[in-house]
Amino acid sequence: METALSLRAKFISGDYTPTEAVKAALDTIKEKDGEIHAFLDVYEEAIKEAEVATEEYKAKGADTPALLGVPIALKNNILLKGKKATGASKILENYTAVFDATIVKRLKAAGAIIVGAVNMDEFAMGGSTENSAFGPTKNPVDTTRVPGGSSGGSAAAVAMGAVPIAIGTDTGGSIRQPASYCGLVGYKPTYGAVSRYGLMAMGSSLDQAGPLTNSVADAELVHNIMAGLDEMDATTIADDTYPVLDSKTTYTFGVPRHFMSEGVDEDVLAVFENHVESLKAAGHKVVDIDLPLFEQGLAAYYIVMPAEVSSNLARYDGIRYGHSAEGENLLDVYEKSRAEGFGAEVKRRILLGTHVLSSGYYDAYYGKAELARKKMREELNDVFEKVDIILTPTAPTPAFKLGDKEDPLAMYKQDIFTVPVNLTGVPAISFPMGTVERDSKSLPVGVQYIGPHGGDARLFVAGKTIYDECK
Amino acid sequence: MLGLMKREDIEHLSTLSRIRLTEKEIETLPKELSTIMEYVSVVSGIADNKELDKPQVGARFNIFRKDSITNKPNEFSEDIISEMPESEGRFMSVKKILQTDE
């Protein structure tokens, strides 16, 4: 699969042009997206920007921005001025963004050419992209299966070869799990590394945007373009907020084996053990670690996240923008607009969040869950005294069949390894570690590397050596 | 039992969250939400409440910026007004809030 870095090298040498690359992207979408349904919106006019970029390479060669002429796709919960930003929800079906998200501004400044908006679970709630109000996306590896979610459209857009880079958002695994299901690299930065300004808020203390790519080097490139302090998001961190880590060539990896003892497919575990062996063979140290609270992470997540969802989604009221239903009075307009506009999973989470925040339950649920987060962070910091990187499978299974997980709780359990990362705010990367067989098809499965707070660079260095160079 | 939800609970949450639910939703949601609430109840065993007075939200806190104007006058007004479901000139229209018995 083509990477952004290899495209860039060809643009500089003149072997290939942005015009050709963007045309190829649009052609691939025309050819394949009828079946895959990764895209909600395609920007044909991107070809004009590509023509300008082509001229710029002719004039300036390597003296051009790092992503100039590279076609990319944006998850549709990221605001791009003048374009539909639906969050894959009926309530925002006709909503047009009035400004660019900070990350969009930075990607544009780096020369990236946005060719379209991609599908997702409604408001990023789900793990299969089946919760999109505009129909599910299929996994390009096996079209009877889901691409994962919630950034399933981002993953499918890259996996079907339309774009080398798609931007997703990750609240509990929404970049890493689809990357695992589609055989890609997916990156969730340290909380605060990337501005959330112009992203539709889901769980504000958990959300981060990151890239889905074909290589770790591409993920690093894109992350570094998007990251950095932003006056418009007070939670963004500076380079020195967390201590800078020593650079290393061999690492001590920690494996929370007890945490993987239940609910993980046997062949996924076998592929994981192979990966562990290959790390040892390459001179790394692998030790067992205990993270007892991580096993309760999913429970804490399903309190904190719905709580934040219920407050964040209160803004969709049918009054200022988005779908508005006819009603007798103001309350009637609110209740009907929200009833018609939200899908089943979104309603479920709003109700759950309203419940855990309501008087009499707040202390027992929300208070305890926030406390659990604090304790998980402490537990994690202790472990990072001893190990450099924590290692888990990204998801307990490969991509499942469309329509296979109707029980919400069964769907939630796919995120068991990814949610503790968001709860504690540390960075993590997922890249392919091998394949497993299902119905005589080879399906990719990902490994997750978790770093300490601010350890983004360490994950990129490790990922480039261990994945990119061995592909 | 902590976590078990009844029909009345769902109706109450429906009002609080400003989402009108259908009869079918009111019937299926108590069971769905009870299963989830039962699952998440394990957090109640995590630690005692005394530690709650030591909150830790994130790495940074009390972030301030200058209260300065970041956009030109009317830079976004037209775009924002055009997104309103109902508007009159430069105003957003809403339904009556106070009911009078006339």
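The values are calculated or read from the model by the stated rules, or taken from the named source; none is laboratory data. Not measured: the values here are computed from a predicted model. Cβ atoms come from the backbone with ideal geometry, glycine included; neighbour counts cover every protein chain shown.
What to note about this one:
Here's the yes/no breakdown for (1) out of contact with any Phe, Trp or Tyr (no Cβ under 8 Å at 6 or more places or on another chain); (2) under 25 Å from A:ARG196 (Cα atoms):
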residue: A:ASP290; (1), (2): yes, no
residue: A:LEU298; (1), (2): no, yes
residue: A:TYR301; (1), (2): yes, yes
residue: A:GLU326; (1), (2): yes, no
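- Tally of residues being aromatic (Phe, Trp, Tyr) and over 16 Å from A:ALA372 (Cβ atoms) across the stretch A:266-305: 1
- Taken over the stretch A:250-265, the criterion of being touching a residue at least 40 places away in the same chain (Cβ under 8 Å) and part of a loop (DSSP other than H, G, I, E, B) is satisfied by A:TYR251, A:PRO256, A:GLY263, A:VAL264, A:ASP265.
- The stretch A:311-329 - residue that is within 30 Å of A:MET411 (Cβ to Cβ) and among the charged types (D, E, K, R) and, of those, farthest from the other protein chains (Cβ to nearest Cβ): A:ARG315
- When the residues of the stretch A:380-412 are filtered to those that are in a helix (DSSP H, G or I) and surrounded by fewer than 17 Cβ atoms within 10 Å (Cβ to Cβ), the one that is nearest to the other protein chains (Cβ to nearest Cβ) is A:LEU409.
- Pair list, Cβ < 9 Å and 6+ apart or interchain, from the stretch B:5-27 residues that are within 13 Å of A:ARG348 (Cβ to Cβ) to residues that are small (Gly, Ala, Ser) and assigned to a loop (DSSP other than H, G, I, E, B): B:LEU13/A:SER358
- Matching residues in the stretch A:198-221 - criterion: being within 27 Å of A:MET305 (Cα to Cα), outside any loop (DSSP other than H, G, I, E, B) and more than 14 Å from chain B (Cβ to nearest Cβ): A:LEU199, A:ALA209, A:GLY210, A:PRO211, A:LEU212, A:THR213, A:ALA219
- Among the residues listed as A:ALA157, A:ALA110, the single one being within 18 Å of A:LEU5 (Cα to Cα) and out of contact with any strand residue (DSSP E or B) (no Cβ under 6 Å at 6 or more places or on another chain): A:ALA110
- Residues (surrounded by 18 or more Cβ atoms within 10 Å (Cβ to Cβ) and under 24 Å from the mean Cα position of the chain (by Cα)) located in the stretch A:54-78: A:LEU67, A:LEU68, A:GLY69, A:VAL70, A:PRO71, A:ILE72, A:ALA73, A:LEU74, A:LYS75, A:ASN76, A:ASN77, A:ILE78
- Check on A:ASP290, in contact (Cβ under 8 Å) with a residue 12 or more places away in the chain, among the acidic types (Asp, Glu) and more than 8 Å from chain B (Cβ to nearest Cβ): yes
- Scanning the stretch A:346-377 for residues that are surrounded by fewer than 18 Cβ atoms within 10 Å (Cβ to Cβ), more than 9 Å from every other protein chain (Cβ to nearest Cβ) and either modelled with pLDDT of 95 or more or assigned to a helix (DSSP H, G or I) (or both) yields a count of 0.
Quick grid of which residues meet (1) buried (at least 24 other Cβ atoms within 10 Å of the Cβ); (2) modelled with pLDDT of 95 or more; (3) in contact with a Leu (Cβ under 9 Å, 6 or more places away or on another chain):
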| residue | (1), (2), (3) |
| --- | --- |
| A:VAL194 | yes, yes, no |
| A:LEU199 | yes, yes, yes |
| A:LEU212 | yes, yes, yes |
| A:ASP218 | yes, yes, yes |
| A:LEU221 | no, yes, yes |
| A:ILE225 | no, yes, yes |
| A:MET232 | no, no, no |
| A:THR235 | no, no, no |
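- Scanning the stretch A:93-128 for residues that are touching a His at 6+ places or on another chain (Cβ under 9 Å) and surrounded by 24 or more Cβ atoms within 10 Å (Cβ to Cβ) yields a single hit, A:ASN119.
- Within the stretch A:245-263, not a single residue is surrounded by fewer than 21 Cβ atoms within 10 Å (Cβ to Cβ), touching a Ser or Thr at 6+ places or on another chain (Cβ under 9 Å), among the aliphatic types (A, V, I, L, M) and within 7 Å of chain B (Cβ to nearest Cβ).
- Condition check for A:MET260: at pLDDT 95 or above, closer than 25 Å to A:LEU423 by Cβ and not basic (Lys, Arg): no
- Qualifying positions in the stretch A:27-46 - surrounded by 15 or more Cβ atoms within 10 Å (Cβ to Cβ), in a helix (DSSP H, G or I) and either at positive phi or not polar (S, T, N, Q) (or both): A:ILE29, A:LYS32, A:ASP33, A:ILE36, A:ALA46
- A:ASP239 fulfils the conditions (1) at the interface with chain B (Cβ under 9 Å from one of its Cβ atoms); (2) in a loop (DSSP other than H, G, I, E, B); (3) not aliphatic (A, V, I, L, M) except for a single criterion, (1).
- In the stretch B:30-46, the qualifying residues are those that are within 7 Å of chain A (Cβ to nearest Cβ) and modelled with pLDDT of 90 or more, and the one that is nearest to the chain's Cα centre (by Cα) is B:LEU33.
- None of A:VAL268, A:VAL286 is among the hydrophobic types (A, V, I, L, M, F, W, C) and either more than 23 Å from the chain's Cα centre (by Cα) or assigned to a strand (DSSP E or B) (or both) except A:VAL286.
- Checked against (1) closer than 26 Å to A:LEU92 by Cα; (2) facing chain B (nearest Cβ under 7 Å), A:ASP332 meets all criteria but (2).
- All positions within the stretch A:47-62 that are in a helix (DSSP H, G or I) and closer than 20 Å to A:SER6 by Cβ: A:ALA50, A:ALA53, A:THR54, A:GLU56, A:TYR57, A:LYS58, A:LYS60
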